[in-house]
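Each remark here refers to the structure printed beneath this line.
The values are calculated or read from the model by the stated rules, or taken from the named source; none is laboratory data. No experiment lies behind these values; they were computed from the predicted model shown. No Cβ is skipped: glycine too gets one built from the backbone with ideal geometry, and neighbour counts run over all protein chains shown.
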Amino acid sequence: MLWGKLWKAGHGDGAPWLQAAFLKLRTASKICWPILLLCGLSDSALAARTVPPMGPRASAALSAGSGVISNLLEKLDATPLADVVWEQDLAAAMRRAAAESRPVLLYATMPNCGACRNLESATLVNPSVRQRLREMVCVRVDIAEDSKTAMTLGIEATPTLIMFSSDGREQGRFTGFLYPDDFLNALASAAGGGRGMGDLKAQKKVQEVQDLLKRGEVPPERWPDVLSALGQEKTRQPIAEGILALSPLPRTNLVCQLIHPQLAVRLGALEMLEQIAGDDFGFDPWADPPGPDEPPVPALAAIV
């Protein structure tokens with residue numbers, strides 16, 4: 001496995017330090033292996049502790065090769081984020097960001113987090129991603145050790161990435177793994193005042209829902225996705241029109257979703273049942289709940 005990594009690195013697929021280490025190791029091996037063979041170093045010799053003495057040049061070559069190998073193994077075991085400066089203190093990172101007028105990216109991780117390792121090895125090492133990270137003030141927090149920060153920011157899982165403006169306002173967050181292109185798109189969305197990193201998957205789900213409706217057939221198990229997608233105001237109207245265009249109208253499926261455990265699904269079902277009934281009965285399922293001085297919402301039994 002190690003030689004596979006080195007071979008790949010030596011052919012331009014690795015980080016620059018890894019390519020350089022590969023070349024040094026290859027050069028050292030050309031010196032070391034002939035010397036070992038000439039010295040008659042074999043398993044039996046090792047077992048008998050009868051290795052012939054080496055001259056100064058052979059000893060120096062072996063020492064150099066050993067140093068290269070040790071350094072390389074340390075590099076392979078180290079974090080792949082080495083060329084990006086990662087602060088350990090969020091407060092210090094915020095002060096630095098304010099002084100330099102740069103955004104902050106907080107990366108919350110913890111030991112034994114498989115998704116974190118995948119993010120680091122597949123995404124955070126990407127050259128384009130690293131270039132973008134170097135433009136930000138990055139801070140890495142181990143929430144197993146810093147539970148106070150996790151509690152303050154509402155971090156419940158890892159990896160979680162949160163982007164802040166230079167004045168400390170949260171611009172977006174994402175929990176889970178992202179491929180490099182999606183990661184960069186999420187950062188751009190958050191920086192541009194978009195819906196933020198956390199909504200990237202939701203946007204993809206909306207597209208899947210729209211594709212389902214265009215085909216004119218929605219499997220029963222996909223109705224929760226369809227109805228929860230109505231919660232996005234920008235795409236609510238086309239999705240509602242797609243549902244109303246289905247033949248026959250999915251009244252039974254909609255009524256069944258009224259007892260779904262997710263609130264967004266229940267609200268979506270109410271929205272569509274209202275439209276099918278041709279009356280909103282004075283109730284907007286997506287509106288904020290009424291205040292203490294506002295009249296109660298009328299009964300909804302008529303639409304079911």
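Numbers for the structure displayed
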| item | result |
| --- | --- |
| Test: Leu258 is assigned to a loop (DSSP other than H, G, I, E, B), at pLDDT 90 or above and assigned by TED's automatic domain parsing to the domain that holds Glu208 | no |
| Condition met for Ala93 (assigned by TED's automatic domain parsing to the domain that holds Leu187, in a strand (DSSP E or B) and out of contact with any Phe, Trp or Tyr (no Cβ under 8 Å at 6 or more places or on another chain)) | no |
| Neighbours by Cβ (under 6 Å, 6+ apart or cross-chain): first from region 153-170, more than 17 Å from Ala188 (Cβ to Cβ); second loosely packed, with under 13 Cβ neighbours inside 10 Å | none |
| Single residue of region 231-247 satisfying the filter (part of a loop (DSSP other than H, G, I, E, B) and at pLDDT 90 or above) that is surrounded by the most Cβ atoms within 10 Å (Cβ to Cβ) | Leu246 |
| Criterion (surrounded by fewer than 16 Cβ atoms within 10 Å (Cβ to Cβ), farther than 19 Å from Arg96 by Cα and touching a strand residue (DSSP E or B) at 6+ places or on another chain (Cβ under 8 Å)) met by exactly one of Ala157, Ala188, Ala144, Ala150 | Ala157 |
| So Asn118, is it part of a helix (DSSP H, G or I), over 23 Å from Met151 (Cα atoms) and modelled with pLDDT of 90 or more | yes |
| Matching residues in region 261-274 - criterion: being surrounded by fewer than 16 Cβ atoms within 10 Å (Cβ to Cβ) and assigned to a helix (DSSP H, G or I) | Leu263 |
| Where Gln131 falls short, out of the listed (1) touching a strand residue (DSSP E or B) at 6+ places or on another chain (Cβ under 8 Å); (2) over 19 Å from Pro159 (Cβ atoms) | (1) |
| Some residue of region 75-88 being at pLDDT 90 or above and charged (D, E, K, R) | yes |
| Filter result (of a type in the set (A, V, I, L, M, F, W, C) and touching a residue at least 40 places away in the same chain (Cβ under 8 Å)) within region 224-266 | Val226, Leu227, Leu230, Val255, Leu258, Val265 |
| Arg140 vs. criteria modelled with pLDDT of 90 or more and either assigned by TED's automatic domain parsing to the domain that holds Arg117 or farther than 12 Å from Val104 by Cβ (or both) | yes |
